[in-house]
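Accompanying notes for the structure given below.
The values are calculated or read from the model by the stated rules, or taken from the named source; none is laboratory data. Treat the numbers as computed from the prediction; the structure is a model and nothing was measured. Methodologically, a virtual Cβ is constructed for each residue, glycine included, from the backbone with ideal geometry; neighbour enumeration extends over all protein chains shown.
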């Protein structure tokens with residue numbers, strides 16, 4: 001017992017013993033010896049015996065590591081077989097259900113001062129063909145309720161005789177809205193400095209300016225309310241979103257990045273930005289937005305990645 005009536009813990013007693021030993025210069029040996037601690041040391045080994053044991057441990061480690069590598073390679077080969085894809089799909093569906101369970105538009109990602117902005121990083125070239133001219137760009141919007149009541153309604157979304165989607169291909173005329181960047185800029189202007197997370201494992205801090213997708217939906221009310229499909233002008237890249245995620249208050253149709261208009265490599269003139277999805281969902285150079293009640297195709301989901309891709 002201590003003098004104040006409190007029971008001392010074993011760690012406190014040991015610490016006090018060490019302090020006393022430090023004061024006593026007459027005692028020899030290290031602290032472990034002075035406290036009588038048990039030591040688990042083997043008997044001294046000869047050089048030959050030490051080398052023999054080291055070789056044994058090295059061989060064992062090599063065999064274990066090799067077996068693990070072979071097992072991993074075989075397992076990976078098994079999982080790559082098309083008939084085994086349902087194993088992946090079940091796991092991804094479970095992850096999606098769990099993410100949706102905890103999703104809330106009130107859960108906001110942290111925002112940072114502009115001084116925290118990272119050096120811009122270029123990543124992902126799908127759907128970014130070199131012959132694109134942003135000066136002629138317009139945004140197709142499909143699946144809007146009462147679409148013919150809008151001044152931007154067109155019975156054929158081709159413009160200037162050229163389709164912004166899969167130019168040169170034959171397709172039936174597509175009706176909907178044809179918007180300009182000014183239409184997007186007329187929506188309430190929002191600025192945020194947030195972290196963009198890549199599914200490859202890196203992240204950067206970026207300052208964005210644009211319109212909330214929720215304000216876009218309020219202005220151009222959808223006929224279908226479960227999903228949103230977004231496609232680049234050349235249809236080289238496309239993503240599918242669930243409606244709750246795309247209506248998150250930190251999901252933007254962005255037209256400025258780090259204090260300047262978007263550059264070509266970063267998705268000019270309009271791209272999607274969000275704090276609730278990885279970068280693979282934040283499509284650059286948007287050509288068409290389509291509201292639908294059928295889950296839209298997704299470029300990376302077709303390669304085996306998670307369709308939901310939330311974080």
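Points worth noting:
- Identity of the residue in the range 233-244, touching a helix residue (DSSP H, G or I) at 6+ places or on another chain (Cβ under 8 Å) and touching a residue at least 60 places away in the same chain (Cβ under 8 Å), that ends up surrounded by the fewest Cβ atoms within 10 Å (Cβ to Cβ): 244
- Taken together, 188, 222, 173 contain a single residue that is more than 22 Å from residue 121 (Cα to Cα), touching a residue at least 60 places away in the same chain (Cβ under 8 Å) and either touching a strand residue (DSSP E or B) at 6+ places or on another chain (Cβ under 8 Å) or assigned by TED's automatic domain parsing to the domain that holds residue 298 (or both), which is 222.
- Residue that is modelled with the highest pLDDT, among those in the range 166-202 that are loosely packed, with under 15 Cβ neighbours inside 10 Å and under 24 Å from the mean Cα position of the chain (by Cα): 191
- Flag if residue 230 is within 17 Å of residue 142 (Cβ to Cβ) and either surrounded by 15 or more Cβ atoms within 10 Å (Cβ to Cβ) or out of contact with any strand residue (DSSP E or B) (no Cβ under 8 Å at 6 or more places or on another chain) (or both): yes
- Residue check, residue 151 surrounded by fewer than 16 Cβ atoms within 10 Å (Cβ to Cβ) and over 28 Å from residue 248 (Cβ atoms): yes
- Residue within the range 286-295 that is at pLDDT 95 or above and on the phi > 0 side of the Ramachandran plot present: no
- Filter pass, residue 281 being touching a helix residue (DSSP H, G or I) at 6+ places or on another chain (Cβ under 9 Å) and either under 20 Å from residue 180 (Cα atoms) or crowded, with 20+ Cβ neighbours inside 10 Å (or both): yes
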